[in-house]
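For reference, the structure discussed in these notes is given below.
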Number of protein chains: 2
Amino acid sequence: MRAPPPVQVDDSDLILLTDLYQLTMVQAYWREAMSESATFSLYFRKLPPSRRFMLACGQQHAAALASRLRFEDRHLEQLAGTGTFEPAFLDWLAGFRFSGDIWTLPEGTPVFANEPLLEVDAPIAEAQLLESLIMNLVQPETVLASKAVRIVMAARGRPVVDFGLRRMHGVDAAVRGVRAYRTAGLAGTSNVLGGLRHDLPLRGTMAHSYILAHDDEREALRAFARSYPGTTLLVDTHDTLEGVRKVIALLAEEPELDVAAIRLDSGDLGELAKASRRLLDEAGHRDIKIIASSGLDEHQIQALLDDGAPIDVFGVGTAMGVAADAPVIDLSYKLVEYAGRPRVKHSSGKVNLPGRKQLYRRRDANGRLAGDVIARRDETLDAGEALLLPLVRSGAVDQETLAMADSARERVAAALGTLPDSLTRLDPGESDYPVALSDALERLRHETG
Amino acid sequence: MRAPPPVQVDDSDLILLTDLYQLTMVQAYWREAMSESATFSLYFRKLPPSRRFMLACGQQHAAALASRLRFEDRHLEQLAGTGTFEPAFLDWLAGFRFSGDIWTLPEGTPVFANEPLLEVDAPIAEAQLLESLIMNLVQPETVLASKAVRIVMAARGRPVVDFGLRRMHGVDAAVRGVRAYRTAGLAGTSNVLGGLRHDLPLRGTMAHSYILAHDDEREALRAFARSYPGTTLLVDTHDTLEGVRKVIALLAEEPELDVAAIRLDSGDLGELAKASRRLLDEAGHRDIKIIASSGLDEHQIQALLDDGAPIDVFGVGTAMGVAADAPVIDLSYKLVEYAGRPRVKHSSGKVNLPGRKQLYRRRDANGRLAGDVIARRDETLDAGEALLLPLVRSGAVDQETLAMADSARERVAAALGTLPDSLTRLDPGESDYPVALSDALERLRHETG
């Protein structure tokens, strides 16, 4: 019996989730006996036009995972089958263990152009081998959390629930996406596996199919409300305000039913929310909340609230599920030092910062972010908090630093209260947040240039 | 020793990759003894402005996979822990087996607005339970293949290689993405695990880090060329044309070296390709090919080739890796029939087609696509080929139909030669491809309306 190919990718196979050139370069380093220590730095060169900051997410877990990978026999057999790798090199790969250090920003740290999210110090082959996997793992969490936090800000304290599972790019994006949403401050998710695994409360209402499968809308609403005390009823299947009136009539008939909310999923959400609120209030149901969904993004939520729409909870799917306006961040993982010498690629109009680095963040007297300094790692500055921390040392994961990933949600929540006003704006525009280079890094840049 | 949480999602756990409301609705159906047969239809309401057709991809594998899933004890324990589900219902879930039929388009079929990619006929609970997973699985393959085929068309027969691993949304998107790229007609991928699993040749060149790790660019090029006969050398690390001259000088010194291609990865690719070609040709290296990469999409490739850029192979990453201009397709999985009665949600300005359907595709005398008819499934039309085929019957996967997924690449290649000119254009614009409703479906629509 033929089965469809598996979707599953075992963690132990992630050692092969790499670009072929990493392996060919590593074989070349091995043949050339190039085994000195290198530093690679993970950063992005510019913010997408629609972002005033990014939330660095996923880099601590990615680094911890990647540093533990091994080539197993089945991987080496597959590589042998390509005809590109010689047996002695495959033997060397069999013994491959990551022995270096990885410095990371704590997950949930706001981050700006040219700031390192992560730096790897290791024999060059080891550092090169981690590149593609780390980038693939960091990409979705950073992109999705950075979108989701804008939606959280737009909702001004009202709960936001993730409805995006069906729009997201496959299984891993959907499951780890919930982790990014948790970090960003969402209140819940419809995604059962994602929510269970990443500890975000499960939320669900009902779909139009449930109403349509019944011959009568009011009987469908009745059956669902009887089944689920405290439920949310979807009212827009046929005519939204008629649907609201049916809920009110149902509650008049059966006052013991407990309906917590209605959901609007189509039409002019602002006008329908106002009209629904009036109907509910007039019937004495001031406690029934209004949940709105239907193609929402941060701009629509902002416009609805500016217009006084009485919406209590937002359900957001498509726009957040792929970060539709900025689905990718152009991360670079660049060699910045080898054999004790700073290295840099010269690109016209692009900043490439040589050498091992540290990132300092300064706050003003009120605790608000006041500016960053990208510095050399071997200097000590009085420029605020040093944000890059050693997560992996000599190949071993530091448990205390890894545990910081678990508090990413709290870190983001705290950060939102400390952002300068220009960073909390949702309209497109350049960030004016000051990011400077230390004098020593500026000198190194010119010496290397 | 604390480990980072796994990235891996076992296929057996995909039964929980669903929206909570699917499970609450199914419990409500169970409590209401609603067990009649339903039909759900998977389609999209409109093409993204930047697409003239989509390639339906992933739906055969998704249907075959989803139809085999079971709730295991650990899943039922997790659901019990939510407090939402009663023990007798969880017992019923333990016995859940998909017993219905699933009709699908063969993977790699061009598809237009309102055409069903897939229809599920099953007792309503069973059909409802498959919704979220099928949509999550179909989304990335369809979105990525539909973008990639545009890049293949733009390249006019020149090979296109996937360099997108680092930009894609996580592990599953990257691995199944290669399957979508294979379907779309790419020539190769840099993604080792994806290429090995989904049978697309592995391709790789070298990164700037390799050049930078050496103290001298020419020595780096020499070492790599010696290591890999037939390799591609990256020439733009410092100055592109200087890099080309170094390759030429190297070959003059060591004529036995076999360099197949150079890669340009920055700057004005058109001008640099022309100048590089001249230098190579003047030195007698007409056989050395030019590979270009660096933020390419179909429009840039078209412009480069229109301008006569002598580029032989395109490497494409970011724009294709997330289908940046249309990262999502607004798929709907809608109830269209229950208990023998057509059902439809009325939405102003939206087409919702009731009842079980079939899709017919007509060709002209030259074999070119001439128009589609969306029909009722219970009518037989003389309107071309009937495209929806029963992949799952009474819960069992039809092996011959499933095998059609393996020929998706050939199906796309053949289809590209049969598309009307308006569909092969890459500029934004409405598709003028005729998609009609059969008279019987039109009547049913009005009767249900």
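Net charge dipole, segment B:147-321: roughly 860 debye, given to the nearest 20, about the Cα centre with Cβ charges of +1 for Lys and Arg and -1 for Asp and Glu. In this structure, A:His446 and A:Ala365 have a Cβ-Cβ separation that, at R0 = 45 Å, corresponds to a calculated FRET efficiency of about 0.85.
Judged by the mean number of other Cβ atoms found within 10 Å, the most tightly packed of the peptides B:5-13, A:309-317, A:126-134, B:161-169 leads the ranking B:161-169, A:126-134, A:309-317, B:5-13. Note on the protein assembly as shown: antiparallel DSSP beta bridges, both residues inside, total approximately 65 percent of the bridges counted. Legend: mean number of C-beta atoms from other chains within 10 angstrom of residue C-beta atoms, peptide B:234-241, equals 1.
Summary for B:Phe96: label point 7 Å along Cα→Cβ; distances to the equivalent points in the other copies, ascending, 4.0 nm. Compute the distance in nm between two label points, each set 7 Å from the Cα along the Cα-to-Cβ direction, one at B:Thr418 and one at B:Ala436. It is 1.9 nm. Applying the Karplus relation 6.51 cos²θ - 1.76 cosθ + 1.60 with θ = phi - 60° to segment A:112-123 yields 3J(HN,Hα) values of 10, 4, 6, 8, x, 7, 6, 10, 10, 10, 6, x Hz, where x marks Gly and Pro. Within the listed set B:Glu32, B:Glu72, B:Glu298, the residue fluctuating most in the Gaussian network model of chain B (springs between alpha-carbon atoms under 10 angstrom) is B:Glu32.
Three principal axis extents of the protein assembly as shown based on alpha-carbon atoms, in descending order, are 89, 76, 47 Å.
Cross-link pairs exceeding 27 Å in C-alpha to C-alpha distance, out of A:Lys46/B:Lys46; B:Lys46/B:Lys345; A:Lys345/B:Lys274, comprise A:Lys46/B:Lys46.
The dipole here belongs to chain A: it is taken about the Cα centre, uses +1 on the Cβ of Lys and Arg and -1 on the Cβ of Asp and Glu, and is about 580 debye.
Looking at chain A alone, DSSP beta bridges between its own residues are antiparallel in about 65 percent of cases. Distance between the pseudo-spin-label points of A:Ala339 and B:Glu253 (7 Å out from Cα toward the beta carbon): 1.6 nm. With helices as the sole contributors, the protein assembly as shown gives -11500 deg cm²/dmol at 222 nm; each DSSP H run of n ≥ 4 counts as -39500 (n - 2.57), and the sum is divided by every residue.
Contact order for segment A:147-321, expressed relative to its length and based on alpha carbon pairs under 8 Å spaced 6+ residues apart, stands at 26 percent. Sorting A:435-446, A:191-202 by average packing, meaning the other beta carbons within 10 Å per residue, from highest down gives A:191-202, A:435-446. Just checking the listed ones, B:Ser41, B:Ser190, B:Ser50: in the Gaussian network model of chain B with Cα springs under 10 Å, the one fluctuating most is B:Ser50. By the combined test of axial Cα extent (at least 24 Å) and Kyte-Doolittle hydropathy (mean at least -1.0), the qualifying DSSP H helices of chain B come to B:124-154.
Note on the protein assembly as shown: with charges restricted to the Cβ of Lys and Arg (+1) and Asp and Glu (-1), its dipole about the Cα centre is near 520 debye.
Averaged over peptide B:130-137, the number of partner chain Cβ atoms lying within 10 Å of each residue's Cβ comes to 5. Distances between copies of A:Ser35, taken at a point 7 Å out from Cα along the Cα→Cβ vector and listed shortest first: 6.8 nm.
Only one residue of A:Ala413, A:Tyr433, A:Gly384 has its Cα farthest out toward the positive end of the dipole of segment A:384-445, where Lys and Arg carry +1 and Asp and Glu -1 on Cβ, and that residue is A:Gly384. Label separation (A:Phe96 vs B:Thr82): 4.0 nm, computed from points 7 Å beyond Cα along the C-beta direction.
Between A:Asp382 and B:Ala303, the FRET efficiency from the beta-carbon distance, with R0 = 56 Å, is close to 0.65. Considering only A:Gly315, A:Ala173, A:Val192, and ranking their Cα positions along the charge dipole of segment A:147-321 that arises from unit charges at the beta-carbon of Lys, Arg, Asp and Glu, the one farthest toward the positive end is A:Ala173. Centre-to-centre separation between the Cα atoms of segment B:1-76 and those of segment B:381-419: 22 Å. For chain A, the residue among A:Leu353, A:Ser209, A:Ser332 whose Cα projects farthest onto the positive side of the dipole built from Cβ charges is A:Leu353.
Given R0 = 45 Å, the distance between the Cβ atoms of B:Glu400 and A:Val351 translates into a calculated FRET efficiency of 0.20.
Counting only other chain Cβ atoms within 10 Å of each residue's Cβ, the peptide B:325-333 averages 5.
Each reported figure results from applying straightforward, stated rules to the coordinates on display, with no laboratory input. This structure is a prediction, so every number in the text was calculated from the model and none was measured. Every residue, glycine among them, receives a Cβ derived from its backbone with ideal geometry; neighbour counts consider all protein chains shown.
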